[in-house]
1. Just the number please: accessible area per residue for the stretch 174-231, 1.4 Å probe, all protein chains included, in Å².
2. Springs between alpha-carbon atoms under 10 Å, Gaussian network over the chain: tell me which of Leu311, Leu260, Leu224 tops the mean-square fluctuations.
3. Using the Cα atoms of the stretch 201-304, I'd like the radius of gyration and the largest Cα-Cα distance, Dmax, both in angstrom.
4. Got the relative contact order for the chain handy, in percent, Cα pairs under 8 Å and 6 or more residues apart?
5. Using Cα atoms only, what is the angle between the long axis of helix 29-42 and the major principal axis of the chain, expressed in degrees (0 to 90) to the nearest 10?
6. Under 5 Å between amide H atoms, partner at least 5 residues away or on a different chain: which partners does Ile242 have, H built in plane at 1.01 Å?
7. Can you give the Rg to Rh ratio of the chain, both from alpha-carbon atoms, with Rh computed by the Kirkwood formula?
8. First compute the accessible area of the stretch 161-294 with a 1.4 Å probe, then give the percent of it belonging to carbon and sulfur atoms.
Amino acid sequence: MKLKDFAKHVGLSPTTVSRALSGYPEVSEVTRARVTEEAARLGYRPNVNAVRLKTGRAGAIGVVMGRAGEFHFAEFMAGMAERLVAEETDILVIPMSDPDQDDEMELYRRLVESRRVDAIIVHSPKPSDPRIALLHELSMPFLVHGRSDIDVPHAWLDIDNEGAIRRATSHLIDLGHRRIAMINGRPGATYAIHRDNGFRGALQSGGIEPDPQLLASGNFTDELGFRFARSFLEQPNPPTAIVAGSMMTALGVYRAARSLGLQVGRDVSVIAHDDVFPYLTADNMAPSLSATRSSMRAAGTRCADLVLQLLAGRSLTEIHELWPVELILRESTAAAPSPR
């Protein structure tokens, strides 16, 4: 069915139908819904190339992929795909192997100038992120997955990282733990700063002075989790509890405890942040893992939705979403063991 025939069927002009299916803000939601429903019922699909030629849009959203956090990135991308599959919108993934800042900025500049994408999603922002300033300067629509303190207006979606780690650490303190270690994310990222604030805030409320020997940060991998946890647990005065930044990190912590003949949930408590991986669940770990919980896949779906809203004309100053994080207690946390 051609556009002209479909428009005649729904009793609208071809221009109105085209704008309704392309997400133009001047088309009412009632009209957009009617056109979309009829298109689905009749199996009408607009010619993608014709739509892109007419609207000037590329029909794609750009995402830059770094080497860190491959598992988290995969879940996020799966969520984006779930939302975009019905929107005739593609995802353009640009790989980046940890270049320096100048290389990264050039990559974003090339991505904008190529006109291959209509918008960009920025991951793991820093408090004063030059990528945000650049995209704003180039008038490229973008959404930040996370937050930045930069004095540039930007749309963002984030989880309450500070509140999540504060609650997790406070739970351990309530169980009587005083020697608590934390394995944080990459230094300098806003989420890692917020998590550090939450950890220190909980310790301060409990009258506990943070021990620099019990703090570590890096990419969320099983190997780093193992190395950091092993270094903590081999100290003369080891921690009785560890806060792990991710499920992958927690795997390494469990492995380190076992390698030293320690039992998680008895000799050392472990609590982590769970991004809800389908192939690694907190319930199925042995013992089951206490964790703060927020779905990376759901974040990907929502970020895609918010980008579509930006492209449809919604003001970026209206898009500021902070998701709460729930705390789920399981077998890996228990009362602090008695001093030996």
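The values are calculated or read from the model by the stated rules, or taken from the named source; none is laboratory data. Everything quoted here is computed from the prediction, not taken from an experiment. The accessibility values were calculated without ligands, DNA or RNA, using every heavy atom of the protein model including side chains. Shrake-Rupley method; radii C 1.70, N 1.55, O 1.52, S 1.80 Å.
1. 46
2. Maximum among the listed residues: Leu260.
3. Final numbers for Rg and Dmax: 14.5, 49 Å.
4. Details: 607 pairs, mean separation 61.6, N = 340.
Relative contact order here is 18 percent.
5. 80
6. Ala181, Ser269, Val270, Ile271
7. Numbers: Rg = 23.6 Å, Rh = 22.0 Å.
Taking Rg over the Kirkwood Rh, I get 1.07.
8. Numbers: 2540 of 5230 Å².
Here carbon and sulfur together make up 49 percent of the probe-accessible area.
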